[in-house]
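Colleague: The following block contains the structure, expressed as structure tokens.
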Amino acid sequence: MPATCSLRRDGPASEGPQRGVRSGMPIARVAILYPGPSGSEERTAWLDHRFGPVVAELRRAGADPELTPYRDEAADAALERLRGMDAVLVWVNPIEDGRGRAGLDAVLREVAGGGVFVSAHPDVIRKMGTKDVLVHTRGMGWSGGDVHTYGSAEQLRADLPQRLAAGTSRVLKQLRGNGGHGVWRVALADARADPGPDPVLRVLEARGGSPVQEMPLRAFAERCRDYFVGEGRVIDQPFRAPGPAGMVRCYMTHAEVVGFGQQRVTALLWSDDGQPPPPAEPRRYHPPTHPEFQALRARMESAWIPEMQRVLDVATEDLPVIWDADFLCPPGRGPGDGGDVLCEINVSCVHPFPDAALPRLVRATLRRAQGRR
Ligand SMILES: Nc1ncnc2c1ncn2[C@@H]1O[C@H](COP(=O)(O)OP(=O)(O)O)[C@@H](O)[C@H]1O
Ligand SMILES: [Mg+2]
């Protein structure tokens, strides 16, 4: 298997002017790290579709981009390639395939240790991109404050009932996950009965196609036991029924808002008769200037992001070149008008993103890459 993969000449990646190398020398060598292996026609079409615009924009800016596959089994080959780069943009999410991050993180740390700019760096993912961020920033204006951690299945069983007031739901999230895996809406099945020490719960996982189920707390805590392995834990925040604005996703380059996504999310909605939710509508993308989101943009740039950086101790240039923050917007309020609640931050593998983000992402990458030359 080749260590790198060229995009087809007729794909979107070839739309830019030259090979991106001006006067013989590229201004930066930038690796786009994707989940290998490469090779098949189908795979090449996927790469074209996914990364063609990034490659084209990097070339337009004078950089020399290279698609580099990553697999745990071939980590050494990837390490060799990446050592020769000025910057690495990582679009690999090993968690998605049920693997851990250990192999990838070791490669990225080693490369970053040699001075290569890595986005996103594993340390930054750890600080911002796990559900712990909801706990660490619960004193901030983007949180209702009522956020808790369970360190074991036993603690979950002991502490959850007091938070399940009649008629309310909580959302429990495993520390690392995506696609709704290990994100559960939990409520008392019978809001009128005395809950007692082992109440029957109504539960629904956010993973697509999940059924609404009823089970005793004890059984639910057992169902969650895997989430506590190693450094694992479960974060608990209130359920917020999304208002008409739904979920608003704020796309960021470093500390600047570079676009928005908006989606009517349904993952944790259930009807009174326990029917599972309808599928979500597709996300719509907007530039950072979209009028409806200017209050949120101002809050993010002037208050929340600087505060988050202080709380988490992350310097502006260490924020990834593309990341996003998801907000649940309550009924009757516009995004950024107060009441928005942080749902999660995505730091690794943010794709797709609004078109307006691309030139900013590339500019930021080259600034950081050139800093090392
Ligand atoms: N507090 C909440 N209130 C209502 N719905 C929520 C809440 N938290 C998560 N959800 C729903 O669950 C989905 C998955 O949760 P999220 O925190 O984004 O985890 P993941 O990492 O799996 O994407 C969200 O897209 C949203 O639809
Ligand atoms: Mg999510």
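Colleague: Considering the Cα positions of segment 205-278, please state its Rg to one decimal place and its Dmax as a whole number of Å.
Modeller: Reported Rg and Dmax, both Å: 16.4, 46.
Colleague: Cβ under 12 Å from Arg71's Cβ, Arg71 left aside: what net charge do those residues give with Lys, Arg +1 and Asp, Glu -1? Can you show the working numbers first?
Modeller: Details: positive: Arg99; negative: Asp72, Glu73, Asp76, Asp97.
For residues surrounding Arg71, the net value is -3.
Colleague: Using the number of other C-beta atoms within 10 angstrom as an exposure proxy, rank Arg363, Arg71, Arg59 with the fewest first.
Modeller: Working: Arg363 14, Arg71 17, Arg59 23.
Final ranking by Cβ density, sparse to dense: Arg363, Arg71, Arg59.
Colleague: If you don't mind, there's one more thing I want to ask. With a cut-off of 11 Å, note down the residues of segment 253-276 whose backbone N falls inside the zone around a label point 7 Å from the Cα of Glu292 toward its beta carbon.
Modeller: Hits in segment 253-276 for Glu292 at 11 Å: 261-264.
Colleague: Follow-up question, since we're still on this one. Label Ala303 and Arg207 with points 7 Å out from Cα along Cα→Cβ: what is the distance between them in nm?
Modeller: For Ala303 paired with Arg207, the spin-label model returns 3.8 nm.
Colleague: Turning to a different aspect of this structure: Any chance you could run the full-extension gain for Ala75 through Phe239? It's 0.36 nm times the residue separation minus the Cα-Cα distance, nm to one decimal.
Modeller: Residue separation times 0.36 nm, minus the Cα-Cα distance, leaves 55.0 nm.
Colleague: Report, in deg cm²/dmol and to the nearest 500, the calculated mean residue ellipticity at 222 nm for the chain, where each DSSP H run with n ≥ 4 adds -39500 (n - 2.57) and the sum is divided by the residue count.
Modeller: Theoretical 222 nm ellipticity from helices: -8000 deg cm²/dmol.
Colleague: Segment 148-238: D in µm²/s via Stokes-Einstein (Kirkwood Rh, Cα pairs, 10 °C, 1.306 mPa s)?
Modeller: Numbers: Rh = 13.0 Å.
Estimated diffusion coefficient is 122 µm²/s.
Colleague: Here's something else I'd like to know. Can you put Thr137, Thr168, Thr365 in order of Cβ neighbours within 10 angstrom, beginning with the fewest?
Modeller: Values: Thr137 20, Thr168 13, Thr365 27.
Listed from fewest to most nearby Cβ atoms, that is Thr168, Thr137, Thr365.
Colleague: Sticking with this one: With the Cα gyration tensor of segment 287-373 giving a ≥ b ≥ c as the square roots of its eigenvalues, does the rule (a/c under 1.5 for rounded; else a/b larger than b/c for prolate; else oblate) give rounded, prolate or oblate? Write out the running numbers ahead of the final one.
Modeller: Working: a/c = 2.15, a/b = 1.60, b/c = 1.34.
Prolate, because a/c is 1.5 or more and a/b exceeds b/c.
Colleague: List Phe239, Phe220, Phe260 from most exposed to least, where exposure is judged by having the fewest other Cβ atoms within 10 Å.
Modeller: Phe239, Phe220, Phe260
Colleague: On the first, second and third principal axes, largest extent first, how far apart are the outermost C-alpha atoms of the chain in Å?
Modeller: So the extents along the principal axes, rounded to whole Å, are 76, 46, 38.
Colleague: May I ask you to list, by number, the DSSP H helices of the chain whose Cα span along the axis is at least 15 Å and whose average Kyte-Doolittle hydropathy reaches 0.0 or more?
Modeller: Going by DSSP H runs, the hits are 102-113.
Colleague: Further question on the same structure: Could you give P(r) for segment 78-203, binned at 5 Å from zero, as whole percent values over all Cα-Cα pairs?
Modeller: Result returned by the calculation: 2, 9, 15, 16, 14, 12, 10, 7, 6, 4, 3, 1, 0.
Colleague: Can you work out the FRET efficiency for the pair His49 and Asp194, with r the C-beta to C-beta distance and R0 = 51 Å, to the nearest 0.05?
Modeller: Values: r = 56 Å, r/R0 = 1.09.
Here the calculated transfer efficiency is 0.35.
Colleague: Find the centroid of the Cα atoms in segment 275-300 and in segment 127-187, then give the distance between the two in whole Å.
Modeller: 23
Every number in this text was worked out from the coordinates using simple rules, so none of it is lab data. This one's a predicted model, so the numbers in the text were calculated from it and none came from an experiment. All Cβ positions, even for glycine, are placed from backbone atoms using ideal geometry, and neighbour counts span all protein chains on display.
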